[in-house]
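The values are calculated or read from the model by the stated rules, or taken from the named source; none is laboratory data. Since we're looking at a predicted model, the values are computed, not measured. Cβ sites come from the backbone with ideal geometry, for glycine too, and all protein chains shown count toward neighbours.
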Amino acid sequence: MTLIKSISGIRGTIGGKVGDNLTPIDAVTFAAAYGTWVKQNRDNKDNYKVVVGRDARISGDMIQSLVMQTLVAMGIHVVDLELSTTPTVEVAVPMEHADGGIILTASHNPKQWNALKLLNHKGEFLNGAEGAKILEIAESNAIEFADVDSLGKITKNQAYIDLHIDEVLNLDLVDVKAIQDAKFKVVVDGVNSTGGIAIPELLERLGVHPVKLYCEPNGHFPHNPEPLKEHLTDLSEMVVKEHADFGIVVDPDVDRLAFMSEDGEMFGEEYTLVACADYVLSHMKGNTVSNMSSSRALRDVTEKHGGTYEASAVGEVNVVELMKKNKAIIGGEGNGGIIYPELHYGRDSLVGVALFLSLLAEKKMKVSELRASYPDYYMSKKKIQLTPGLDVDGILSEMTTRYADEDIRTIDGVKIDFPENWVHLRKSNTEPIIRIYTEAKSQQEADNLADRFIGEIKEIAGI
C-alpha cells in the first residue's frame with residue numbers, strides 16, 4: 001500500500017499504517033497544514049473560508065468529514081459541496097470569494113485510492129513553492145487550532161453543479177441553439193462517480209438525449225477508471241447498440257474527457273483537446289498550450305489557424321502558468337483535459353463537452369468523419385515500475401548523453417524529438433513509476449519506439 005506526498009498534494013491508499021497509507025491521521029495532518037498555509041497567506045481577515053467537494057469513491061465521505069472538521073477546528077468556515085467534480089470546486093472558489101478549496105479525489109486511480117487536491121483563492125492548483133510549504137508545515141509542529149469561541153462552521157451548498165453548468169451555457173462560443181436543433185443522442189459512461197451526475201444534466205440542458213451507462217455515483221467503479229480504450233468495451237457496445245451519435249467517458253472527478261465515435265471506435269483522448277481547440281481557434285485568433293507528453297496534432301491545428309503552440313512541463317499547474325504567459329485562449333493536456341480560460345484555469349470536462357457539441361453542430365458531420373479530418377498521430381503510453389534501487393535520475397541523464405545530437409528538452413524528465421516521432425521519459429508525480437510516452441505516424445511505430453526505450457532503460461539499469 002502507498003502514501004505519496006508531493007508538491008501536488010497527498011495521495012494514497014485507504015487503510016494500513018500512519019505514514020504509509022492515507023489514514024485518518026494523515027488526512028487530518030495534511031488538512032491542518034493546508035489550513036495553516038491559508039491563514040498565513042490570506043492574513044488580516046476576520047473570517048476564512050474554504051470550499052470542499054468530493055468525487056463518489058467509497059472513502060470520500062469519511063475523508064471529507066475528517067478534512068472539514070479539521071478546518072473547523074482551525075477556525076475556518078467550510079462550504080460543503082458534497083458530491084461534486086474537480087472543475088465545479090474550482091469554479092465555486094472564486095464565486096464564494098473563498099480563500100481556497102480542497103477536492104477529495106484520486107482522479108483516475110482505482111477505488112482504494114484517495115487524495116487531497118489543493119486550490120488557492122483563485123480556484124487554481126497550488127504551484128510548486130506553495131505545495132512545498134504545505135509539506136514543510138505538515139512535518140513541523142507549527143499547527144495551531146482555534147479556541148472554542150472561534151471554531152468555524154460548515155455550510156452545505158449542493159447548487160454548484162447547476163451553477164457550473166449555467167456558466168458553461170453562458171459562454172459565447174457554446175452554441176446552445178445549434179446543439180438543441182441537432183437533437184444529438186449520446187451515451188455517457190460516468191464510471192459510477194460524479195460525472196454520472198454532472199454530464200447527463202449538462203446534456204439535458206443542451207437538448208441532448210443522454211443514455212446513461214454507469215452513472216450511479218456509488219464509488220464502485222465498473223472498470224479501471226482511467227478513460228483508455230481497453231477499459232471501455234461496454235461503452236463501445238452501447239454506442240453501437242443505441243445508434244448514438246457518439247459516446248462520452250470521464251474519469252471519477254470529471255477533469256478528463258474522452259469521446260467514442262458512432263462506430264464504437266475511440267476518437268482518441270489526445271484528440272479531445274485538438275477538436276475543442278480547432279473549434280475555438282476557428283472563431284477567434286489565439287495561441288495554445290499543452291504539456292510535453294501531448295500530441296503534435298494540437299501544434300498542427302494551431303498553426304493551421306495562424307496561432308502559436310507551446311509545450312509545458314507535465315502537470316496542470318505548469319500548463320496554466322505557460323497559458324497565462326503566452327496568452328493562450330485554450331489549452332490543456334493530452335489525457336483529455338480541456339482548459340478554457342474564458343471560464344476558468346482548470347481542466348474541465350463540462351466545458352469540453354459543450355465545445356465539442358458546438359463543433360459537431362456546426363460541422364454537421366459524424367464524429368468518425370471529424371476525427372478523419374485531423375492529422376493522424378498514434379501514441380504509446382507505457383510505464384516501468386520503480387524499485388528502491390533504481391537510479392531514475394541517472395538513467396535519464398544517460399539518455400540525455402546518448403541522444404545529445406537530437407532535439408532534447410529536459411525541463412520535465414527527458415523528451416527527445418526525432419523528425420518523425422518523439423519519446424518522453426519522466427518520473428510520475430502520483431505513482432511510483434517511470435512513464436514512457438511515444439508518438440509516431442503509426443501505432444506499430446509508436447509501440448516499437450516505446451519498447452526500444454524500455455529495453456534501453458533496462459540495459460542502463462541492469463534489470
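Residues in the range 17-38 that are out of contact with any helix residue (DSSP H, G or I) (no Cβ under 6 Å at 6 or more places or on another chain) and surrounded by 15 or more Cβ atoms within 10 Å (Cβ to Cβ) were compared, and the one that is farthest from Ala98 (Cα to Cα) is Asn21.
Only one of the numbered conditions (1) buried (at least 16 other Cβ atoms within 10 Å of the Cβ); (2) over 22 Å from Tyr340 (Cα atoms) is violated by Asp263, and that is (1).
Looking across Lys363, Lys382, Lys304, one residue alone is of a type outside the set (Gly, Ala, Ser) and over 28 Å from Gly195 (Cα atoms). It is Lys304. Among the residues of the range 162-214, those that are surrounded by 17 or more Cβ atoms within 10 Å (Cβ to Cβ), free of Cβ contacts under 8 Å to residues at least 60 places away in the same chain and not in a helix (DSSP H, G or I) comprise Pro210, Val211, Leu213, Tyr214. Report the residue count in the range 66-88 for those that are among the hydrophobic types (A, V, I, L, M, F, W, C), touching an Asp or Glu at 6+ places or on another chain (Cβ under 9 Å) and within 22 Å of Asn192 (Cβ to Cβ). Number satisfying all stated conditions: 1.
Between Val89, Val78, the distinction of being surrounded by 24 or more Cβ atoms within 10 Å (Cβ to Cβ), in contact with a Gly (Cβ under 7 Å, 6 or more places away or on another chain) and under 17 Å from Ile165 (Cβ atoms) belongs to Val89 only. Ile58 meets the stated requirement of being assigned to a loop (DSSP other than H, G, I, E, B), β-branched (Val, Ile, Thr), on the phi < 0 side of the Ramachandran plot and at pLDDT 95 or above.
Among the residues making up the range 312-363, those that are under 28 Å from His209 (Cα atoms) and of a type in the set (S, T, N, Q) are Asn335, Ser349, Ser358. The single condition among (1) under 21 Å from the mean Cα position of the chain (by Cα); (2) not in a helix (DSSP H, G or I) that Lys49 does not meet is (1). Test Val240 against the stated conditions and say whether it is in a helix (DSSP H, G or I) and touching an Asp or Glu at 6+ places or on another chain (Cβ under 8 Å). Answer is yes for this residue. Taken together, Asp147, Asp172, Asp189 contain a single residue that is in contact with a strand residue (DSSP E or B) (Cβ under 6 Å, 6 or more places away or on another chain) and among the acidic types (Asp, Glu), which is Asp189. Say we look at the range 297-338 and pick out the residues that are charged (D, E, K, R) and crowded, with 21+ Cβ neighbours inside 10 Å; which of these is nearest to Gly123 (Cα to Cα)? Of everything passing the filter in the range 297-338, Glu316 is nearest to Gly123 (Cα to Cα).
Every residue, every condition in (1) closer than 21 Å to Glu270 by Cα; (2) more than 22 Å from the chain's Cα centre (by Cα), yes or no:
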residue	(1), (2)
Met399	no, yes
Ile416	yes, yes
Pro419	yes, yes
Ile433	no, no
Gln444	yes, yes
Asn448	yes, yes
Lys458	no, yes
Gly462	no, yes
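Residues that are out of contact with any helix residue (DSSP H, G or I) (no Cβ under 9 Å at 6 or more places or on another chain) and assigned to a helix (DSSP H, G or I) were ranked within the range 134-151; the one that is farthest from Asp46 (Cα to Cα) is Val148. If you go through the range 12-37 and keep only what is out of contact with any Lys or Arg (no Cβ under 7 Å at 6 or more places or on another chain) and farther than 16 Å from Met62 by Cβ, you end up with Lys17, Gly19, Asp20, Ala32, Ala33, Tyr34, Gly35, Thr36.
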